[in-house]
Amino acid sequence: MNILETKNINKYFHDPVEFQVLKNISFTVGKGEFLSMIGKSGSGKSTLLYILSTMDTEYQGQLTIDGQNVTGQSNDQLAAMRNQKIGFVFQFHYLLPEFSCMKNVMIPALKLGKHSMQEIEAKAYDKLKLLGLEDQALKPASKLSGGQQQRVAIARALINDPLMIMCDEPTGNLDSKNTAIVFDIFKELTSQQGQTIIAVTHDEEFAKNSDRIIEMKDGEVV
Amino acid sequence: MNINTDIGSTYLFTNKKLTLVAVMGVLLGMSIYIFMNSMLVGFDRTSAESIFKSTAHIRVYKDDELSKPLYQSKGGKSIIINPKVVPASNTIINPNEVVALIKKDPNVTIVTPQVSATIFYNVGKTQIAGMAIGVIPSEADMMFNIKSTIVEGDFDKMQNNTNAIAVGSGVAEKLSLKINDNINITSSKGVNRNLKVAAIFKTNNSAIDKTKSYINLSAAQQLLQENNTYITDINVNIKDPELASKVAPVLTTLTGYKSEGWKEANESLMAAFRMRKIVITFVSYTILIVAGFGIYNILNMTVSQKINDIAILKAMGFKGNDVIRIFLTQALSIGVMGVIGGMIMAVVLVTLLKKVYIGGDIGFFPIDYELTKFIQGAIVGMVITFFAGYLPARKAAQVDPVSIFRK
């Protein structure tokens with residue numbers, strides 16, 4: 001079953017000069033797949049990731065997520081969809097420093113508003129436990145180490161049980177030990193929970209161990 | 001609690017210093033706004049009070065008329081080329097009937113007739129020009145509160161003594177008059193009378209004190225060699241002085257005589273009041289708007305500081321409106337705290353100033369707790385806060401998360 005499908009995606013940058021970043025990108029991603037996107041800087045892999053994540057809407061072509069055509073939907077519709085179906089992990093953790101780890105993890109679920117406070121708390125605690133952070137739950141996010149913060153960010157990406165997790169250099173700021181932990185978590189998510197992971201990475205080792213690699217060069221899939 | 005307000009209030013309380021500065025801004029603006037506007041109300045009230053010591057709300061009198069042709073001319077040419085004032089007496093015909101008619105109006109509270117006579121106060125060979133106002137003492141006192149201006153003697157003694165006179169303090173000084181002294185006056189008709197000083201009054205206007213005196217209505221009629229139906233003015237007080245301009249035309253049509261409200265009679269004074277109002281309104285609004293800039297600045301700063309948070313929230317599915325709500329929560333919380341604080345501060349300021357003694361016929365500083373101004377201030381304060389918060393909030397809502405993540 002395909003969870004994500006792109007058809008002839010083209011994107012241009014207009015500033016400072018007209019430049020085609022993506023050229024006729026067409027591929028599909030299946031459910032439970034662990035996909036790595038690699039390529040040199042400027043190859044367009046990050047740009048593609050942001051289009052796939054629906055945050056960048058200025059492109060030509062067609063993007064289908066979970067059987068639904070998302071091209072041309074309004075920003076509010078896309079936001080609601082992201083909230084429910086997509087989790088995000090970036091190179092930087094982007095936690096809200098004023099809140100506890102627990103609260104940070106809970107925010108997307110509170111936004112979704114489908115469960116009661118107790119259910120959300122229980123779920124957030126489960127996710128933190130999954131990432132080995134249950135003792136840190138009530139600490140402010142700013143007091144944790146870099147590796148811990150990144151794992152909290154992953155727990156936050158998982159809270160709504162999204163279909164897909166989009167990662168931009170998820171291990172870029174981590175040492176080898178933490179990278180291994182994150183990688184193992186991703187592996188487990190895809191194989192056991194059936195969640196799809198699309199990760200942009202520079203880490204050869206990380207990419208090699210994933211299910212599938214898409215290599216980009218000059219805006220094209222190689 | 002909604003997650004948007006939750007985040008908004010967390011930003012508010014983790015940045016206590018900034019919040020406090022913004023709240024102080026609104027608080028000061030708010031309190032000065034209420035304070036100055038309460039002061040304005042007080043000023044207007046005392047000014048009106050001092051005007052009403054010598055002017056009735058509405059004055060009904062017979063205006064001079066220009067002679068009019070009996071027949072309307074045809075072809076636009078006037079029959080009377082150089083019309084003159086009709087040489088008729090300026091008395092109100094059948095004054096008792098007119099007074100009764102005016103009294104029927106439900107707005108009217110006091111109606112009293114008056115005769116003004118230009119006179120000379122005689123001292124030896126010199127004569128001092130002046131004005132004697134013939135009144136019914138008890139009614140005139142009700143209307144102008146004359147007793148409050150009496151510095152010597154007893155105005156009540158005027159009531160049953162047609163030979164009594166109440167003179168201004170300036171007149172008394174020039175003629176070196178004391179209570180129960182006799183004074184000789186001559187009217188424009190050449191009638192001489194000796195009157196006894198019953199009281200001396202002092203208003204806030206020295207020109208009036210140097211010329212004016214009150215005598216009985218019948219004495220004034222005698223001075224002018226007129227009978228007891230001769231009345232030049234009918235003074236009318238109404239329930240709400242502000243309605244004078246509306247009631248006056250009604251009385252004009254009702255009586256057929258010219259009726260003039262106090263605002264029309266004191267046009268230049270009213271212009272000065274309006275100017276005062278414009279200045280105070282301008283200053284008080286400016287102060288509130290400056291407080292609004294404070295909120296705007298601080299929220300703008302918060303938005304810049306929290307740009308990463310905004311980006312990730314938007315990535316995680318927060319809509320533009322959610323982001324606006326987060327920052328509006330902050331702005332409006334600051335506004336509410338500032339408004340409440342400002343009201344307390346205004347109460348303190350008014351309480352302090354109320355106790356300041358100014359002197360003169362004003363006494364204590366004319367300021368009071370004006371509920372309408374407090375409510376008005378709160379509304380204006382919240383509206384300004386809303387816009388000061390909405391602009392940065394909208395900017396935050398328009399943040400493009402991709403451009404933040406790509407840095």
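The stretch between B:Lys68 and B:Ile375 holds 105.0 nm of extra length on full extension. This uses 0.36 nm per residue minus the Cα-Cα distance. Within straight cross-link reach of A:Lys111, meaning Cα distance under 16 Å, which aspartates and glutamates are found once same-chain residues fewer than 8 apart are removed? Result set, ordered by chain and number: A:Asp76, A:Glu119, A:Glu121, A:Asp161, B:Asp6, B:Asp309, B:Asp322.
With a ≥ b ≥ c the root eigenvalues of the C-alpha gyration tensor of the range A:7-127, is it rounded (a/c under 1.5), prolate (a/b larger than b/c) or oblate? It comes out prolate by the Cα gyration axes. Fully extending the segment from B:Asn94 to B:Thr162, taken as 0.36 nm per residue of separation minus the present Cα-Cα distance, adds 22.2 nm.
Comparing B:Ile80, B:Ile367, B:Ile110 in a Gaussian network model of chain B, where Cα atoms under 10 Å apart are tied by springs, the biggest mean-square fluctuation is seen for B:Ile80. Given in Å, the Rg to one decimal and the Dmax to the nearest whole number for the Cα atoms of the range B:271-351 are 18.5, 61. Spatially, the range B:1-57 and the range A:4-76 are offset by 53 Å when compared through their Cα centroids.
Starting from the Cα gyration tensor of the range B:251-318, take the square roots of the eigenvalues, sort them a ≥ b ≥ c, and report rounded, prolate or oblate (rounded when a/c is under 1.5, otherwise prolate if a/b is larger than b/c, else oblate). Oblate, because a/c is 1.5 or more while a/b does not exceed b/c.
Under conditions of 25 °C and 0.890 mPa s, the protein assembly as shown yields 76 µm² s⁻¹ as its translational diffusion coefficient, taking Rh as the Kirkwood radius over Cα pairs in the Stokes-Einstein equation. Within straight-line reach of B:Lys202, meaning a Cα separation under 19 Å, sit the following lysines at least 8 residues removed in sequence or on another chain: B:Lys53, B:Lys147, B:Lys157, B:Lys174, B:Lys178, B:Lys210, B:Lys212.
State log₁₀ I(q)/I(0) for the range B:105-259 at q = 0.15, 0.17, 0.18, 0.19 Å⁻¹ as given by the Debye formula over alpha-carbon point scatterers of equal weight, solvent excluded. Listed by q, the Debye log ratios stand at -0.79, -0.97, -1.06, -1.15.
For the range A:2-221, the average shadow cast by the Cα convex hull is 12.0 nm², which is a quarter of the hull's surface.
Approximating the spin labels as points 7 Å out from Cα along Cα→Cβ, the B:Val279-to-A:Met117 distance works out to 5.6 nm. Listed cross-link partners A:Lys85/A:Lys177; A:Lys129/A:Lys187; A:Lys23/A:Lys187 are compared with a 19 Å cut-off, the Cα-Cα value being larger for A:Lys85/A:Lys177; A:Lys23/A:Lys187. Whole-Hz Karplus values for the range B:99-106 come out as 4, 4, 5, 5, 4, 5, 5, x Hz, taken residue by residue from phi with 6.51 cos²θ - 1.76 cosθ + 1.60 and θ = phi - 60°; glycine and proline positions read x. When the Gaussian network model of chain B links Cα atoms closer than 10 Å, the mean-square fluctuations of B:Ile344, B:Ile93, B:Ile81 top out at B:Ile81.
Among B:Pro106, B:Pro69, B:Pro366, the residue with the largest mean-square fluctuation in a Gaussian network model of chain B, with springs joining Cα atoms closer than 10 Å, is B:Pro69. Note on B:Thr14 and B:Thr253: the model spin-label points, each 7 Å out from Cα along the C-beta direction, lie 7.0 nm apart.
Taking the DSSP bridge list for the protein assembly as shown and keeping only pairs wholly inside it, about 70 percent are antiparallel.
The calculated FRET efficiency for the pair B:Lys178 and B:Ala207, based on their C-beta separation and a Förster distance of 30 Å, comes to about 0.85.
Percent relative contact order of chain B, based on C-alpha pairs within less than 8 angstrom and at least six residues apart?
27
As a length-normalised measure over Cα pairs under 8 Å and 6 or more apart, the relative contact order of the range A:2-221 settles at 32 percent. What distance in nm lies between label points placed 7 Å from Cα along the C-beta direction at B:Glu242 and B:Ser54? Output for this residue pair reads 2.6 nm. Within 11 Å, Cβ to Cβ, of B:Ala198, how many net charges do the neighbouring residues add up to if Lys/Arg are +1 and Asp/Glu are -1? That works out to -2.
Rounded to the nearest 0.05, the FRET efficiency derived from the C-beta distance between B:Ile81 and B:Val348 at R0 = 56 Å is 0.20. Cα centroid separation, the range B:383-407 to the range B:94-173: 70 Å. By the gyration tensor of its Cα atoms, with a ≥ b ≥ c the square roots of the eigenvalues, what is the shape of the range B:187-230: rounded for a/c under 1.5, prolate for a/b over b/c, or oblate? Because a/c hits 1.5 or more and a/b exceeds b/c, the range B:187-230 counts as prolate. Counted residue by residue at 0.36 nm each, then reduced by the alpha carbon distance between them, the extension gain from B:Ser268 to B:Thr229 reaches 10.7 nm. If you take the alpha carbon atoms of chain B and fit the smallest convex hull around them, that volume is 242 Å³ per residue. The distance linking the range B:208-262 with the range A:121-159 is 87 Å (Cα centroid to Cα centroid, whole angstrom). Averaged over peptide B:315-328, the number of partner chain Cβ atoms lying within 10 Å of each residue's Cβ comes to 5.
The numbers here are math on the coordinates, done by the rules we state, and not lab data. All values reported here derive from a predicted model rather than from experimental measurement. With ideal geometry, Cβ positions are generated from the backbone for all residues, glycine too; neighbour counts draw on all protein chains shown.
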